[in-house]
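These notes are about the structure you will find just below.
The values are calculated or read from the model by the stated rules, or taken from the named source; none is laboratory data. Note that the coordinates shown come from a computational prediction; the quantities given were computed from them, not determined experimentally. Cβ: placed from backbone, ideal geometry, glycine included. Neighbour counts: every protein chain shown. To get the accessible areas, we keep the full protein, side chains included, count just its heavy atoms, and leave off ligands, DNA and RNA. Shrake-Rupley method; radii C 1.70, N 1.55, O 1.52, S 1.80 Å.
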Amino acid sequence: MPPQPGSGAADDAAAPSRSVIIGAAATGRRLIEIEGYSHTKERLPNGRSVALRPFSVGGHSWQLAYYPNNEVREFPGFITISFRRLGELGRRSAGAPVCAQVTLSLLDAAGQPVPSHTESSGMMDFSNFSGISFHEFINRAWLEESEHLVDNRFTIMCEVVVPMEVRVEERGAKPPPTAAPPLVMVPPSNLHQNFGALLSSKEGADVMFEVAAAVIFVDDMEAEVFRALLAFVYTDALPDSPKMKEKEEAAMAQHLLVAADRYNMERLKLICEDKLCKHINTGTVGTILALAEQHNCAGLKKACLHFLGSSSILNDVIATESFEHLARSCPSVMKELISNISTPVPTDLGETSQRDMGWHAMLPFARQTSYWCRVMVMVVLSVVSSLKGGNALLSCLCLVVAFLCGYKLTEKLI
């Protein structure tokens, strides 16, 4: 019997398991702090050292040794650091090499490696020999004159990198691709930063406290909006309002967005943007688009322009009061809408269509005429709105566009 849709067998067939080959390396760092450098130089002659406590990296035990007067007589005047492998901390595959790379660095006062005194062994196989010595690591005369010897002390860092054995892991099916990101991304809370910035700069603060009279005055904000804002300040979330109607919820989100922009509360502002994206319709898109333009809400503006991309929806919006408010308050947005409408429709209809007939033969005459009529109606409404608002520059621009559209419409009728 074939597997039913959604059954385990069908899921396994659609999502195969994975074999993952993993190559990695273990890294360890060790600091060598030399205090009383001059004393160590006097007490430890050539060939004598101080062996440091062993440490483990990559399943192996390693040890460093400090020679203030070098390990051998061929390099007088230099400090030597030796590095050797002591043994394994676990089982190793027979015949497998023990590779490692060791890097020594003299550190400056800020704890950063000094480039001129950083040496690396490169990747080496320690299976056949126990270790390596950096005989010419630091010239003592140079160190004693340098800024890196402070209060008779200096620091060396040793970094060890041990490549691990390549292994294979069996994993489940790869997770499905994630959905497209939303237009508005709500970031994590940064409320403490908002409070700190407001407290230190006092910029934008219009709240007056009268301690004796216990009175607080907040200008340009309704009481319900302030309560919601105060709830967000204390809880980092908007209060639940199950009895609030959809229209009232949209209005509250608009007022809170204005307040959030005013007090530079970016997270609250984005939450309001996200809520308003769900309230975009033919009756509200004009008001919401104007709000997005005035308060620099890029995601909300993009959502409104996407909603207005349909010609049928645009015709319905033109007849609303919100569109008149948009034309009067945000002339720049009107210019964008006119530009989008005037943009030609793409003509890439395939090789057969382009060979057999042109674009104008594909579209019925009535559809072309209706298109330019919509442009004319929108431009005329923009002229009326701009004249009411006293915007002479926009009026002139709209009249020029109207003349061009009328000329194009005349061509279609003829």
Using a/c under 1.5 as the rounded threshold, could you call region 280-343 rounded, prolate or oblate? The axes a ≥ b ≥ c are square roots of the C-alpha gyration tensor eigenvalues, and prolate needs a/b larger than b/c, oblate otherwise.
rounded
For region 287-299, just list the computed ³J(HN,Hα) in residue order, Karplus coefficients 6.51, -1.76 and 1.60, θ = phi - 60°, integers in Hz, with x standing in for Gly and Pro.
5, 5, 5, 4, 4, 5, 5, 6, 10, 6, 9, 5, x
Solvent-accessible heavy-atom area per residue, rounded to whole Å², over region 229-300 at 1.4 Å:
51 Å²
Ignoring ligands, DNA and RNA, how do 263, 66 rank by accessible area with a 1.4 Å probe, largest first?
263, 66
What's the ranking of 285-297, 225-237 by average number of surrounding C-beta atoms within 10 Å, highest first?
285-297, 225-237
Skipping prolines and chain starts, which residues have an amide H placed within reach, meaning under 5 Å, of the one on residue 154, given they are 5 or more residues away or on another chain?
34
Charge tally in the Cβ shell below 12 Å around residue 69, where Lys, Arg are +1 and Asp, Glu are -1, residue 69 excluded:
+3
Taking 0.36 nm per residue of separation between residue 335 and residue 136 and subtracting their Cα-Cα distance, the length gained on full extension comes to 64.4 nm
Tell me the Kirkwood hydrodynamic radius of region 19-67 in angstroms, computed as one over the mean inverse distance between distinct C-alpha pairs.
13.7 Å
Estimated vicinal HN-Hα couplings, Hz - region 134-140 in sequence order (Karplus 6.51, -1.76, 1.60; Gly, Pro = x):
9, 5, 10, 5, 9, 6, 4
Restraint check, 269/302; 247/302; 243/301; 247/335; 278/301; 275/302, Cα-Cα greater than 18 Å:
247/302; 243/301; 247/335
Tell me the accessible surface of residue 124 in square angstrom (1.4 angstrom probe, heavy atoms of protein chains only), to the nearest ten.
40 Å²
One finds the C-alpha centres of region 119-170 and region 272-320 to be spaced, in Å, by 63 Å
Which value in nm describes the separation of the simple spin-label points at residue 319 and residue 43, placed 7 Å from the Cα toward the beta carbon?
9.8 nm
